[in-house]
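Here's the structure we're looking at; comments come further down.
Bear in mind that the values in this text are calculations on the coordinates, not laboratory data. Treat the numbers as computed from the prediction; the structure is a model and nothing was measured. We place every Cβ from the backbone using ideal geometry, glycine too, and count neighbours over all the protein chains shown.
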2 protein chains.
Amino acid sequence: MDLDIKKDLTSSWFKTLQDAFCDDIKKIENNKTDFKSTNWKRNKLKDEGGGEYRILKNGKVFEKVGVNFSKVYGKFPKEYKKNIPGAEKNAKFWASGISVVMHMKNPLIPAMHFNTRYICTTYDWFGGGMDVTPSKVDKTEKKDFHNILKKMCNRHSPHYYTKYKKWCDEYFYLHHRKEPRGIGGIFFDYKKNNFEENFKFVRDCGVTFQLIFNKIIQRKIKKKWTMKEKERQYVKRGRYAEFNLLYDRGTKFGLQTGGNIKAILMSLPPKAKWE
Amino acid sequence: MDLDIKKDLTSSWFKTLQDAFCDDIKKIENNKTDFKSTNWKRNKLKDEGGGEYRILKNGKVFEKVGVNFSKVYGKFPKEYKKNIPGAEKNAKFWASGISVVMHMKNPLIPAMHFNTRYICTTYDWFGGGMDVTPSKVDKTEKKDFHNILKKMCNRHSPHYYTKYKKWCDEYFYLHHRKEPRGIGGIFFDYKKNNFEENFKFVRDCGVTFQLIFNKIIQRKIKKKWTMKEKERQYVKRGRYAEFNLLYDRGTKFGLQTGGNIKAILMSLPPKAKWE
């Protein structure tokens, strides 16, 4: 398949998914709170793409949720290109993706994160994943979440779940605190060759995340919580901010490729505490 | 002078200063709120030093203030030693220092930061500085703060103020947002040779910071503030957390040399918001 067609297919899918997620979120908010949408360009002088980030704040259910779409292209900065497969000798790149971070008002509902992306340098590959960060232990929720992920992965390969779960556990880990960010999920990167199979898997990830976040939220949307639980959530969010600023690959990618600051840091919690 | 004597003199001074700062802070709190002090060791199995961090929280004036003393020694991890002057070939090091971060309840009073340290590898040198981060513009305060610093620097060398002010402006800068952390101050590092002169300057920095924080606080301690100003402070603190996690050299040094997590991250604000 022609690379241009691949780019069109993937970026269209990410855009469609952004709409689908936002529709669901608005429905959960009974259509009483809306997203604020911002379009941005990577370069004001010449066309290097850009994106649209949508943020909904202070909802009844979502304290802050960002749904971010981007399609950017150009050249990697000198210092950065050595870190990117296939860009060592040719700094040209094209990248499109969607990322979602949900910070919930009810501290019994976990923070949820999803991201998928398609990147072209002299190679082209998919990356992405999803993970869940509760501030209170809930074994049923954890089991259910991982079961759904396992089933989804098995639809594509019997090897995916074990591999991508492990990758997730290793990636979403706060080394300085020696603690995991949350209850894990799946994470994958540099998924190249076999575009059609991989794209099918990536689409399934999107649809599955939609199913997951709706399910997790509905289960607890009416559960009462205490101020003590809310305080624990603020502290857990401090850890979330630490991870994103100290380790996150997407944050670094964005900051170093001239992405939009607000779109990149959309993942930071609305309010966090450090003890 | 013998290196062991230098180590004793500097670490004793940092320890004395820790006491002096804490006494002043307690006095500002009318002795009604006290520090919680924690001693920690770098290595449980063998003596590699450690430190004592003191945190006071939820005072009438200080929302959170940490005063941190440490004296650590041992070997730098392989990956880290190449970043440290004089440690490329011999990873052995000794380091002692004091650091202070003040997050104030009254949003009209700026956050204040101070640090001085003495580090020995195959060389030995001083580093440190202080800077001030208001969430509301106050030209008088800025002018006064820089005047005091300038006078202090000039007592030691006519070149220091210009040089160290510039270094501070460059260091405490949020590149991703293209904005300075606050109103600057002074910053210096790798100050070697001439131990006695340098140590005199470093002691003057400590005494001067004591004078500065008392003055800044007294000027505004009774000023009324609004919730809007408090909200602005929370957002400014989000930037503070970003700086410390994305760029701060001391944070990286601590995290990568097996320092105490709570002591290292003591600088993070008690509560922060992201818009």
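Once phi is turned into ³J(HN,Hα) by the Karplus curve 6.51 cos²θ - 1.76 cosθ + 1.60 with θ = phi - 60°, what whole-Hz value does each residue of the range B:39-54 show in order, with x for glycine and proline?
Each residue's phi maps through the Karplus curve to give 8, 9, 10, 5, 9, 6, 8, 9, 6, 10, x, x, x, 9, 10, 10 Hz.
Can you figure out the FRET efficiency of A:D4 with B:T16, using R₀ = 56 Å and their beta-carbon distance, to the nearest 0.05? Present the calculation step by step, with values, prior to reporting the outcome.
Values: r = 69 Å, r/R0 = 1.22.
The calculated FRET efficiency here is 0.25.
Could you pull out every one of the aspartates and glutamates with an alpha carbon less than 12 Å from that of B:K215, ignoring same-chain neighbours closer than 8 positions?
Counting by Cα, and skipping residues close in sequence, B:K215 has these aspartates and glutamates nearby: B:D24, B:E141, B:D144.
Within 10 Å of each Cβ in B:260-272, how many Cβ atoms from other chains are there, averaged over the peptide? All intermediate terms of the calculation are to be shown ahead of the outcome.
On the way: counts 0, 4, 3, 0, 1, 6, 1, 1, 7, 4, 6, 6, 11.
Counting Cβ atoms of other protein chains within 10 Å of each residue's Cβ and averaging gives 4.
Let me confirm one metric for peptide A:166-176, namely the mean number of other chain beta-carbon atoms within 10 Å of its residues' beta-carbons.
Values: counts 0, 0, 0, 0, 0, 0, 0, 0, 1, 2, 8.
Taking the mean over all residues of the peptide, I get 1.
Taking a point 7 Å out from Cα toward Cβ as the label site, list the nm distances between A:S12 and the same residue in every other copy, smallest first.
7.7
Which whole-number percentage describes the relative contact order of the range A:77-204, with Cα contacts under 8 Å and a sequence gap of 6 or more?
Contact order relative to length: 23 percent.
Looking for one value pair here: nearest-to-axis residue in chain B (by Cβ) for the rotation onto A, and the distance in whole angstrom.
Checking which Cβ lies nearest the axis yields B:L245, 2.
Between B:K166 and A:K57, take the C-beta separation as r, use R0 = 41 Å, and let me know the FRET efficiency to the nearest 0.05.
Rounded to the nearest 0.05, the efficiency is 0.60.
Express the Stokes-Einstein translational diffusion coefficient of the range B:3-267 in µm² s⁻¹, to the nearest whole number, given a Kirkwood radius over alpha-carbon pairs, 37 °C and a viscosity of 0.692 mPa s.
Numbers: Rh = 19.0 Å.
Rounded, D is 173 µm²/s.
Suppose the chain between B:W40 and B:Q218 were pulled fully straight at 0.36 nm per residue; how much longer would it get relative to their current alpha carbon spacing?
60.8 nm
Pull up all non-local amide H partners of B:G74: gap of 5 or more, or a different chain, and H-to-H distance under 5 Å with H placed in the peptide plane.
B:F93
Shortest first, in nm, what separates the label point of B:M227 from those of the same position in the other copies (7 Å along Cα→Cβ)?
1.5
What relative contact order, as a whole-number percentage, does the range B:1-62 give when Cα pairs under 8 Å and 6 or more residues apart are counted?
Working: 44 pairs, mean separation 15.4, N = 62.
After rounding, I find 25 percent.
Give me a single rounded figure for A:237-250: the average over its residues of other chain Cβ atoms within 10 Å of their Cβ.
Values: counts 2, 7, 0, 0, 7, 5, 1, 3, 7, 6, 1, 0, 0, 0.
Average per residue, whole number: 3.
Can you give the net charge of the other residues whose Cβ lies under 12 Å from the Cβ of A:G258, counting K and R as +1 and D and E as -1?
Values: positive: A:K41, A:R42, A:K44, A:K75, B:K178; negative: A:E48.
That works out to +4.
Work out the FRET efficiency for B:V137 and B:K75 from their Cβ-Cβ distance, taking R0 = 35 Å, and round it to the nearest 0.05. Provide the component values of the computation, followed by the final result.
Working: r = 46 Å, r/R0 = 1.32.
The formula returns an efficiency of 0.15 here.
Using alpha carbons only, what's the Rg to Rh ratio of the protein assembly as shown with Rh from Kirkwood? Show your work: numbers first, answer last.
Working: Rg = 25.2 Å, Rh = 25.4 Å.
Result: Rg/Rh = 0.99.
To the nearest Å, what is the center-to-center distance of the range B:86-104 and the range B:39-68, using C-alpha atoms only?
Using only Cα atoms, the two centres lie 15 Å from each other.
Near A:N214, within a Cβ-to-Cβ distance under 10 Å, what is the net charge of the other residues, with Lys and Arg +1 and Asp and Glu -1? Before the final figure, lay out each step's value.
Details: positive: A:K27, A:K215, A:R219; negative: A:D24.
Counting the neighbours of A:N214, the net charge comes to +2.
With a cap of 13 neighbouring Cβ atoms within 10 Å, and only residues DSSP puts in a loop, list the trypsin sites (Lys or Arg not before Pro) found in the range B:13-121.
Working: sites: B:K15, B:K26, B:K27, B:K32, B:K36, B:K41, B:R42, B:K44, B:K46, B:R54, B:K57, B:K60, B:K64, B:K71, B:K75, B:K78, B:K81, B:K82, B:K89, B:K92, B:K105, B:R117; in loops: B:K32, B:R42, B:K44, B:K46, B:K60, B:K82, B:K89, B:K105.
Loop-located and lightly packed - B:K32, B:K44, B:K46, B:K60, B:K82, B:K89.
Where nothing but the Cβ of Lys and Arg (+1) and of Asp and Glu (-1) is charged, how large is the charge dipole of the range B:44-132 around its Cα centre, in debye to the nearest 20?
Details: 15 positive and 8 negative charges, 54 e Å.
Its charge dipole is roughly 260 debye.
If the reach is capped at under 17 angstrom between alpha carbons, list the lysines near A:K262, excluding any in the same chain fewer than eight residues apart.
Leaving aside lysines fewer than 8 places away in the same chain, those within reach of A:K262 are A:K36, A:K41, A:K44, A:K57, A:K64, A:K71, A:K252, A:K271, B:K178, B:K236, B:K273.
Shortest first and in nm with one decimal, please list how far the B:K46 label point sits from its counterparts in the other copies (point 7 Å along Cα→Cβ).
5.7
Quote the relative contact order of the range B:3-267 in percent (integer), defining contacts as alpha-carbon pairs under 8 Å separated by 6+ residues. Before the final figure, lay out the partial values.
Values: 437 pairs, mean separation 43.1, N = 265.
Worked out over the range B:3-267, it gives 16 percent.
Under a Cβ-Cβ cut-off of 15 Å, what is the net charge of the residues other than A:L3 that fall near it, where Lys and Arg count +1 and Asp and Glu count -1?
Values: positive: A:K6, A:K7, A:K71, A:K92, A:K192; negative: A:D2, A:D4, A:D8, A:D124, A:E196.
Within the 15 Å Cβ shell, the charges total 0.
Could you derive backbone 3J(HN,Hα) for the range B:104-120 from the dihedral phi with the Karplus parameters 6.51, -1.76 and 1.60 (θ = phi - 60°), listing whole Hz in sequence and x where the residue is Gly or Pro?
Taking θ as phi minus 60°, the curve returns 9, 6, 6, x, 7, 8, x, 6, 10, 9, 9, 7, 9, 8, 10, 10, 10 Hz for the range B:104-120.
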